[in-house]
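Asks: Dumping the structure here so I can ask a few things about it.
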Amino acid sequence: MRSRPPILPRSLQARWRGPVPTAFPRTVRLAGRTSTSSPDRSLRFSHPARKVALCLSLVLALHAPLAAQDLDSSDELEALIPDSAVTDPDAWAAQGAGEDLADTEEEAEALDAAAEAEFQALEQSLERGEDGALALDDPAGLDLPAVAEVEPEDPVEFVTFDDVIRPIPPGSEVRLSDELVLVFPTENALFPVRDEFIDRFRKLSSVADLDDDGSQALLAAQARADEELLQRMLRVYGYFDAQVIRSVTLPEAGESADPTRAVARFDVIPGPRYTVGNVDMGRVDEAIGEDPAALRAAYKVKPGDLLSIDAIADGRYLVDIELGERGYPFATIDEPSLLVDHAREAGDVTLPVTPGGRFVFGTVTSNDEGFLSGHHLADIARFQPGDLYQRSLDMDLRRAILATGLVGTVELTPVVVAEPQGDQPGTVDMAVALTRAPVRTVQGSLGYGSQEGFRAAASWEHRNLFPPEGMLRVRGVAGTQEQLAGATVRFNNFRGRDRVLTLDAYASNMDNDAFDAETASLIATYEQLSTLLFQREISYGTGLELVVTNERDNRTRIAPGNAPRETYLIAALPSYAQWDTSDDLLDPTEGFRLRAALSPEYSRFDDTNSFYLKSQFDLSYYLAMGEDVVLAARGRLGAIYGADLASIAPSRRFYAGGGGSVRGYGYRAIGPRDELGEPNGGRSLVELSVEARVRTGLFDNSLSVVPFFDIGSVARSSTPDLQALRMGAGVGVRYHTGFGPIRLDVGVPLNRQPGDAPVAVYVALGQAF
C-alpha cells in the first residue's frame, strides 16, 4: 500500500521540529468513521470538524511508534472504506460530516479550539533537547525480536586497476628521429621480430619523414596516424592483443619555443603472438595423384606456426607456382582469409584453391606465320610436345620471343585440345599472339682512348631480312688506328634456342704501334651462347676463318721509304668451350669461369707453308666477402706451338696491355720490342689480375670503388717469360645499372718502359673480367 507524508495544520507546522514521519496510514479510524487519503493529491478539509479529525490522526500516528503499538489493523480499516471514498473523497467526507459533525460555524470553531488545546497539552508533555528538537525515549527497554545471524559469505574479490589495464613492462627506447621514439619490451623473447619491425616501420612512418616546419599540430596528427600504423603492423606479425600507448611531449610554457623538442613516443606492448589454427585449402584434393600432399606442403603456413599475415599472403603465390609447375595451367587461387579466435589465441586460415585439370604441352602456333612461324617458335621453346605443362616454361618462351627484338608485344594462351580423362592429363597447345616491332636499326658510337686515339663506328641492320630471325648488318669504322667496312649475316636461334650461325665478311686496315695490316676476311661460326636472358653453364663455338692479310711489323719504320710488306694466307678452325658457374654475366659476385680456346691454323708466307696450334686458357674466380665486398681474380695463359715467330702473321700473335688485360699500359703495348722500342708480339702470354669491388652505399648503393693490381708478360718463345713481367695498379669506379656496371679505371704502370704513358684511363660497360 502506498503511503504519503502527512499534511499538518499551519499552527502545528510552525512549531514542529521533530522528523516528519515518512510512512503514514492510508486510512485511520476517527470516532467510528474512516478518513481516506487521496493517492493522487493532498487531503483538503473544508469543514472545521475535519481539522479535528486530522489532528487526532496525527496524534495517533506520532504515538503509535513511541508506544510500539500494533498497526496491523489495515485490513479492518480497508473494509470500512467504500469505493466512493477513494474515487471522490471530498464528496464522501461532506456526506459523512452532515450526519455526525457540527453543522454550524460556531460548533466548528469550538471543535477547532478544542483540538488546538489538545495539541498544546500534547506538545507540553513532550521532552525536547537543548537545541529544541524533539527528544524520544530510549528504546533500549523495548522487547524487540531477536535478529537471526547471517552466515558469512565467501571472501569478495575486488578488481584492481592492473586487472583492467595491464601494467607497462620495462622497455628500451629506440629513437628513430628527433621527433620519434619507440619503446619495446627489454626481453627479446617478448618481441623477437623487433629489428625487422623497426626497419619496416621506419620506411612507412609519417613522423619519421616529418619535415621540421615547427608545426606541433602536424606532429600530433601524424602521431595518430603512426599509432594506427603500429597497430596494423602488429596484427601483420600476429599480435592481435597488442597495446600501443601514444604520447606527445610538447615544450613547457615559458621555455624557448623550440619545435624540435616535441617528441612522439609510442610504448609498444606486444602481448602474446597468435598461432595458426586450422588451414583450409579449398578444393585442392581435386588434384591428380599425389599432388594434394605436395600442394599442401608447398603452402608454408602450417597449424601451430606463429601467425604472420605476410606468410599467409606469400604462401598463395607459392601454391600458385607449385600448381603451375605441376601441370595445372587453369588453376585459380582466391584471396586468403583469416578468422581470428581471441579465446584460443589462434587464427584459422582459408585459402580457396581450385586446381582445374592437369595438362601436357601440345604444339606451338603463331598468328603471324610469315614473320615468326609456329615451327620456329617451337624450336625456341624449352619443352617438347608431351612434356608436362610448366608455367615457368610458358614464361620462358614469352621472354625468349621478346628477346628476339622482333616483336612489340606477345601473349601466350594455353588452348585445350584434349580434356583430362581420369588420371590421364589433357593436352594444351600454346597459341602465340604477337605484334611486329620495328626491325631496322641505325647505330653509331664515338670514342677516344689515350693510347688508341679517336674511333667512330656506325652500322645499319635489318633483324628479320631473312625470316625467321635472319639479320643483315652493314658496318663501318673510321679511326686513328683502324678503318673497316664489312657485312654480317646472322641467324639467331638457328635450329635451337640460343644457337647462332654467323657469316661475316670484311676488309680492314690497322696501323698501331705493333703492326700495320691490310686484311680481308671471311668467317663462319656456329655457337651455343650464354645470354643475359639465359646464362648457360656450358657454352661452346666452332668456325672457319679464311684470311688474306698484307702486313709489316713496325721494325721497318727505320727505313719507311723501303718498308716491305709481307702477305699471309691463313686458314683457321677456331673453337672454344666455357664452363661458367658465376651468378651474373656482367657483374658476377660468386662462382668461376673457365674457358679454353684452340685454333689449328695454316699459314703461307714467303712461299713457306706453316702449321701451328694457337691455344689460350682463361680462369676467373669471384668470392663475396659480406654484402658489400667482392674479391675477383683472373689468370690467362696462352701459347703458340709449331712455327717460329716470323711465320706467324703479326695480327695472329699474342699481345698484352689495355683495359681488359694489364691496366696502366696501352692497348697491346706489352711484349717484345723492336729496334724502335715498339712491341711486336710473341708466341706466349701470361696475365694475372686481382681487384676488390667495394660498394660505397652512395647513390642508393649504386657506386663501387675498385682498387686493382695487374701483371703480365709476352715472350717470343712458346714458354712464358716471368722475368719480363709488367705491373700496373690503380683504382676504378663502377656505377651499377639495370643492364650492368659502367666502368671507369685509372691505372699507373709500376715498371714503366720507354714509350709508356704515365697514366692510362679506360671506360667500358661491364667488369674488367
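The values are calculated or read from the model by the stated rules, or taken from the named source; none is laboratory data. What you see is a predicted model; the values in this text were computed from it and never measured. Glycine also receives a Cβ, built like all others from the backbone with ideal geometry; neighbour counts cover every protein chain displayed.
Asks: Which of the residues belonging to the stretch 434-450 are touching a residue at least 60 places away in the same chain (Cβ under 8 Å) and loosely packed, with under 13 Cβ neighbours inside 10 Å?
Replies: SER450 - this is the single residue of the stretch 434-450 that is touching a residue at least 60 places away in the same chain (Cβ under 8 Å) and loosely packed, with under 13 Cβ neighbours inside 10 Å.
Asks: Can you give me the number of residues within the stretch 454-500 that are among the aliphatic types (A, V, I, L, M), surrounded by 17 or more Cβ atoms within 10 Å (Cβ to Cβ) and over 17 Å from LEU406 (Cα atoms)?
Replies: 1
Asks: Can I ask one more? For the stretch 501-520, what are the residues that are assigned to a strand (DSSP E or B) and crowded, with 18+ Cβ neighbours inside 10 Å?
Replies: We begin by selecting, within the stretch 501-520, every residue assigned to a strand (DSSP E or B); these are 501-511, 515-520.
Those that are assigned to a strand (DSSP E or B) and crowded, with 18+ Cβ neighbours inside 10 Å: THR502, ASP504, MET510, PHE515, ASP516, ALA517, THR519.
Asks: Would you call LEU351 modelled with pLDDT of 90 or more, closer than 30 Å to THR427 by Cβ, surrounded by 20 or more Cβ atoms within 10 Å (Cβ to Cβ) and aliphatic (A, V, I, L, M)? Write out each step before concluding.
Replies: Details: modelled with pLDDT of 90 or more: yes; closer than 30 Å to THR427 by Cβ: yes; surrounded by 20 or more Cβ atoms within 10 Å (Cβ to Cβ): yes; aliphatic (A, V, I, L, M): yes.
Yes: the conditions hold for LEU351.
Asks: Could you please find all residues in the stretch 314-331 being in contact with a Leu (Cβ under 9 Å, 6 or more places away or on another chain) and either part of a helix (DSSP H, G or I) or surrounded by fewer than 19 Cβ atoms within 10 Å (Cβ to Cβ) (or both)?
Replies: Once the filter is applied, which keeps residues that are in contact with a Leu (Cβ under 9 Å, 6 or more places away or on another chain) and either part of a helix (DSSP H, G or I) or surrounded by fewer than 19 Cβ atoms within 10 Å (Cβ to Cβ) (or both), the stretch 314-331 yields GLY315, ARG316, VAL319, GLU322, LEU323, GLU325.
Asks: Can you list the strands (runs of 3 or more DSSP E) found entirely within the stretch 573-662 that contain at least 3 residues being farther than 30 Å from ARG752 by Cβ and either in contact with a Gly (Cβ under 7 Å, 6 or more places away or on another chain) or not basic (Lys, Arg) (or both)? Even if it seems obvious, please write down each step before you answer.
Replies: Details: elements: 575-580, 591-605, 608-624, 629-641.
Hits in the stretch 573-662: 575-580, 591-605, 608-624.
Asks: Filter the stretch 440-465 for residues that are touching a Gly at 6+ places or on another chain (Cβ under 9 Å) and aliphatic (A, V, I, L, M); which is modelled with the highest pLDDT?
Replies: Across the stretch 440-465, the extreme among qualifying residues is ALA458.
Asks: Restricting to the stretch 181-240, count the residues that are assigned to a helix (DSSP H, G or I) and either crowded, with 19+ Cβ neighbours inside 10 Å or within 19 Å of the chain's Cα centre (by Cα) (or both). Lay out the reasoning, then the answer.
Replies: Filtering the stretch 181-240 for residues assigned to a helix (DSSP H, G or I) gives 188-190, 194-204, 216-236.
With the extra rule that they be either crowded, with 19+ Cβ neighbours inside 10 Å or within 19 Å of the chain's Cα centre (by Cα) (or both), the set shrinks to 194-204, 219, 222-223, 226, 228-236.
Total meeting the criteria: 24.
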